Amino acid sequence: MRARMMLTTADFEDAAREALDPVYYDYVAGGARDEVTLRANREAFGRLNLLPRILRGRDKRDLDRTLFDCPMSMPLLLSPTAFHRLAHPEGELATARAAAAAGVVMIVSMASTVAVEDIAAAARTVTTERPPALWFQLYLQPDPDVTEALVERATAAGCAALVVTVDSPVLGLHERNKRNGFDDLPTGMACENLRNLRGGEPGSVRQIAMSAELSWEHLDRLRHSTRLPVLLKGVLHPEDARLAVEHGVDGLLLSNHGGRQLDTVPATVDLLPEILDAVAGRVPVLLDGGVRRGTDIVKALALGAAAVGIGRPVVWGLAADGEDGVRAVLELLRGELDHTLALCGATGVDDLVRDLVRPGFPGLR
Ligand SMILES: Cc1cc2nc3c(=O)[nH]c(=O)nc-3n(C[C@H](O)[C@H](O)[C@H](O)COP(=O)(O)O)c2cc1C
Ligand SMILES: O=C(O)C(=O)c1ccccc1
């Protein structure tokens, strides 16, 4: 049999589907309820068209960008995803090495199955000349002391920014997980960032409190307790984007959690112009949700995103081939990004403007 050619992120999803226990595949692939938003993220990119410029490009294009003092080899980062050891025995260690080798930021999930200190050590084995480019995602905890202990842990491990996920007053409901009876980690895996956080905590998934009573006061308290840049992940209403800036956040990661929280919210790329108008250039706006192609990255950047994140494609790479698989996913997206820039007549990622993107022309869907 001919070996499968791994040319696209979809090829990695196919390989992951074959490699993974179907229960874990469903956990990663799935979205909330009817999965309307999960599909919308992809469909929205599909509805946008690119209108390239001619006779103005260059042979070698600039892909690099610096955000919050973190140099990135391209404006693509690893959005936080939980439980990497479900996908591969090395879990987040493999992911971190791949991200560091590719020169991109990994946002470590609070619910990682390897401790953030060990993830940072793995990244350091690859990048010796600069600190590992890790940011840390957290859910604000109703007990501010728990949040503070987590932040201290992530900061001591060398994380360079905090990404606070605010779209989860309660956990989204995934009917795939219900049908499969998946509601906990298997024996031998734990949420290692929560183990022994303040006392003898076991690191169980249930230690992650989702609370509908969190308020801007909790965020203010965090904002004043750390010198790290704070980004909010999961702001969807433009009014909340305005409030977030007023409360001193350093950036937004525009995200609908990959269609995993409230179903039927809009696709992130459709919301991007409104959010950018609300923020009015005061802080960078990053975006994730449905990014699978170089053309998706170019569309989001041209509309004004400072960088884009990928969630599931990272886990597909990891499940398919560990560190090499994640690296391959990142490199194929880098290649597609560069190729798309060339075809658009752009000299680099800083040369993308809004008028490259048009709403879909009829017949081009
Ligand atoms: C398996 C899985 C686990 C996730 N875990 C987290 C998490 O722990 N924290 C968080 O803020 N977002 C989490 N997310 C959401 C991602 O950060 C991201 O917003 C989303 O996956 C982006 O969409 P994409 O998968 O279409 O690229 C998770 C997503 C998936 C698929
Ligand atoms: O699965 C998720 O999307 C997610 O965000 C999460 C939250 C808490 C624990 C594990 C995963």
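Observations on the structure shown:
- For the chain, size of Cβ-based charge dipole, Lys and Arg +1, Asp and Glu -1, in debye: 920
- Helical segments meeting 24 Å axial Cα length and Kyte-Doolittle -0.5 threshold in the chain (DSSP H): 312-343
- Sorted largest first, extent of the stretch 74-146 alpha carbons per principal axis (Å): 38, 25, 21
- Rg over Rh for the stretch 78-230 works out to 0.96, both radii taken from alpha-carbon positions and Rh defined as the Kirkwood radius.
- Diffusion coefficient (Stokes-Einstein, Kirkwood radius over C-alpha pairs, 37 °C, 0.692 mPa s) for the stretch 133-174: 293 µm²/s, rounded to a whole number.
- Building the convex hull from the alpha-carbon atoms of the stretch 166-205 and averaging its projection over directions returns 4.0 nm².
- The stretch 240-365 - percent relative contact order, Cα under 8 Å, separation 6 or more: 22
- Unit Cα scatterers, Debye sum, the stretch 243-365: log10 I(q)/I(0) for q = 0.16, 0.22, 0.23 Å⁻¹: -0.89, -1.34, -1.37
- q = 0.13, 0.16 Å⁻¹, the stretch 30-131: log10 I(q)/I(0) [Debye, one scatterer per Cα]: -0.69, -0.90
- One way to sum up the overall shape of the stretch 297-336 is the equivalent ellipsoid from its Cα gyration tensor, whose semi-axes run 23, 10, 6 Å, largest first.
- Rg and Dmax of the stretch 183-247, based on Cα coordinates, read 15.7, 44 Å.
- Tail fraction, Cα-Cα pairs, the stretch 54-114, threshold 17 Å, whole percent: 49
- Temperature 20 °C, viscosity 1.002 mPa s: under these conditions the Stokes-Einstein estimate for the stretch 242-297, based on its Kirkwood radius over C-alpha pairs, is 176 µm² per second.
- Positive contributions from Lys and Arg (+1) and negative ones from Asp and Glu (-1), summed over other residues with Cβ under 11 Å from the Cβ of ASP240, come out at -2.
- Extension gain for the segment HIS237 to VAL205, taken as residue separation times 0.36 nm less the Cα-Cα distance, is 8.6 nm to one decimal.
- When only Cα pairs below 8 angstrom with a gap of at least 6 residues are kept, the chain shows a relative contact order of 28 percent.
- Separation between Cα centres of the stretch 301-329 and the stretch 163-194, rounded to whole Å: 21
- Looking at the stretch 12-91, the trypsin sites (Lys or Arg not before Pro) that sit in a DSSP loop and have at most 12 other Cβ atoms within 10 Å of their own Cβ are ARG56, LYS60.
- Rounded to whole Å, sorted largest first: equivalent-ellipsoid semi-axes of the stretch 171-293, Cα gyration tensor: 29, 22, 12
- A simple count of charges around GLN141, restricted to other residues whose Cβ falls under 14 Å of its Cβ and scoring Lys, Arg +1 and Asp, Glu -1, yields -3.
- GNM remark for the chain: springs join alpha carbons under 10 Å apart, and the peak mean-square fluctuation among PRO186, PRO131, PRO238 falls on PRO186.
- Alpha-carbon Rg/Rh ratio, for the stretch 1-81, with Rh computed the Kirkwood way: 1.06
- Tail beyond 37 Å, pair distance distribution of the chain (Cα, percent): 13
Every read-out reported here was derived from the displayed coordinates using simple, explicitly stated rules and does not represent laboratory data. Given the structure is predicted, the values throughout are model-derived calculations rather than measurements. Virtual Cβ from ideal backbone geometry, glycine too; neighbours counted across all protein chains shown.
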